[in-house]
Amino acid sequence: MKPDDTPDYEFRPLTQADLPLMARWLAEPHVARWWGERDKELESIASNIDSIAVEPFIIELGGKPIGYIQNYDPYLEDGDNPFDDQPFGTLGIDQFIGEPSLIGQGHGPRLIAQFAQMMFGEGAPRLLVDPAPANSRAIRAYEKAGFRALGPRMTPDGEAMVMVLDSDEDD
């Protein structure tokens, strides 16, 4: 249960109308550093709007878009699954806060924890994240949200620090 002073984030499905906002966020230095080339990432995100493997969401706070979050089923990914040792039903998540003025204010761990509760409520037994080992800000945010490190692993996107949160660890 979250404290009364914790912001309540909304997660609404990403639509085509959100793509200009996504393009702006993907060009922000704090996002581009970890997400890669804007046009390629935007194309990938846009292709997920109607995907069965990925669910993309806009994160809203007080009715205003502040970031992006997605969950994905690693067992439905094209190609080799670097997470095939994880329990069936595990969902991966990726996210960023798009608005630069909101970085460093504690939104990351709080919105991740709230999203995790939503995913667990829908039946996911485990959530997995795979930030770059050098992305210490993301790793710390995931730790604050309750994730624990399994260790480094090679993925199609390069080396990652694999971290997990189980539905029974969120108390």
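The values are calculated or read from the model by the stated rules, or taken from the named source; none is laboratory data. From a predicted model like this one, the values you see are computed outputs, not experimental measurements. With ideal geometry, Cβ positions are generated from the backbone for all residues, glycine too; neighbour counts draw on all protein chains shown.
Taking strands (runs of 3 or more DSSP E) as the structural unit, those lying wholly within region 95-171 and holding at least 2 residues that are among the basic types (Lys, Arg) correspond to 148-155. Taking helices (runs of 4 or more DSSP H) as the structural unit, those lying wholly within region 4-50 and holding at least 3 residues that are closer than 18 Å to Glu99 by Cα and in contact with a strand residue (DSSP E or B) (Cβ under 9 Å, 6 or more places away or on another chain) correspond to 19-27, 29-35. So which residues in region 37-70 are of a type in the set (Gly, Ala, Ser), touching a residue at least 24 places away in the same chain (Cβ under 8 Å) and surrounded by 11 or more Cβ atoms within 10 Å (Cβ to Cβ)? Within region 37-70, Ala46, Ala53, Gly67 meet the criteria. Of all positions in region 75-87, none carries a residue that is modelled with pLDDT of 90 or more and among the aliphatic types (A, V, I, L, M). Please indicate, with yes or no, whether at least one residue in region 102-117 is of a type outside the set (Val, Ile, Thr), under 17 Å from Met22 (Cα atoms) and surrounded by fewer than 19 Cβ atoms within 10 Å (Cβ to Cβ). Among the residues of region 102-117, at least one is of a type outside the set (Val, Ile, Thr), under 17 Å from Met22 (Cα atoms) and surrounded by fewer than 19 Cβ atoms within 10 Å (Cβ to Cβ), which makes the answer yes. In the set (1) modelled with pLDDT of 90 or more; (2) assigned to a loop (DSSP other than H, G, I, E, B), the condition left unmet by Ile69 is number (2).
Looking across region 22-36 at every residue that is crowded, with 18+ Cβ neighbours inside 10 Å and aromatic (Phe, Trp, Tyr), the one that is modelled with the highest pLDDT is identified as Trp25.
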